[in-house]
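See structure below.
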Amino acid sequence: MGWAISNLLKAGWIERPIRANYRITDSGRQWLAENSEGIRNFTEANRIFAEYWPQPEKSREAVIPVSTQAEVIDPIEQIESGINRITADVGDALLLRLRESHPDFFEEAVVKILLAMGYGGAEQRGRRIGGSGDGGVDGVIDQDALGLDRIYVQAKRYAEGSNIGREMIQAFVGALHGVAATKGVFITTSTFTQNARDYAANIPTRTILIDGKRLVSLMIKYRVGVQVEQSYDVVDIDEDFFE
């Protein structure tokens, strides 16, 4: 179901009006009217949905016919390709869930991500401080037991296309100065304009920008909001056994 939903959302044939609810779109109805038998197998589904998933430039340079791919691609490469596809599907689903979440939940989530990455030490010294009167920051990570070295966090749950501009980064840097901080992390579910990136890269206050794509990548890497569903062992001959 997750695989089907990811592809249907990517194609624009369904939409998610509210959390855990899905609704067919006009383009979805049109496709169904023209294809009353639906999709009969995974091979057909992969062919139909392929156009909605951007391919890396390297893949476009040398396209291998589907009929010969299984003969050409190494089994390990096939496994890696499948894992990459699943990871991309999960990343898209994560981003949708984050954008639909409550602002308080999102602020808590970004703090948990930074703690999972190792910031805050073994004692997990980090907390959400968002809300009225937060001074322009949503979370803080204490790098030492006394809180002498701190990382402040800003979290913006924006829709795709609502890019963060330079002005918002400037406001965050001003908030960092207000708490005498020298470093901060700005996390969003959208992305940043080039002016915002250039500004953050050329100021004394160390400011890291994490967009939606990198955010879900970190969540998957550090297992925040995801879990391992299944593992596979790849075996090979044990040469020591035959010596």
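Quick note: the coordinates plus some simple rules give every number you see, no bench work behind them. Just so it is clear, the model here is predicted, and its values are computed rather than measured. Ideal geometry is used to build each Cβ from the backbone, glycine not excepted, and the neighbour counts take in all protein chains shown.
Data overview
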| item | result |
| --- | --- |
| Answer label, with Cα extents along the principal axes in Å calculated from the coordinates and candidates [x] 62, 42, 37; [y] 66, 62, 34; [z] 59, 39, 32 | [y] |
| Exposure proxy ranking, count of Cβ atoms within 10 Å, fewest first, for M168, M219, M117 | M117, M168, M219 |
| Helix runs (DSSP H) in the chain reaching 27 Å along axis by Cα, Kyte-Doolittle at least -0.5 | 75-100 |
| For W3, W13, order by how many other beta-carbon atoms lie within 10 Å, fewest first | W3, W13 |
| Count of Lys pairs (Cα-Cα under 27 Å; at least 8 positions apart or interchain) in the chain | 16 |
| Stokes-Einstein translational diffusion, the range 103-221 - Kirkwood Rh over all Cα pairs, 1.567 mPa s, 4 °C, in µm²/s | 91 µm²/s |
| Potential lengthening between E77 and E51 on full extension [0.36 nm per residue; Cα-Cα distance subtracted] | 7.2 nm |
| Listed peptides 221-227, 172-178 by packing density, highest first (mean Cβ within 10 Å) | 172-178, 221-227 |
| Taking T207, T43, T87 and counting other C-beta atoms within 10 Å, the order from fewest to most | T43, T87, T207 |
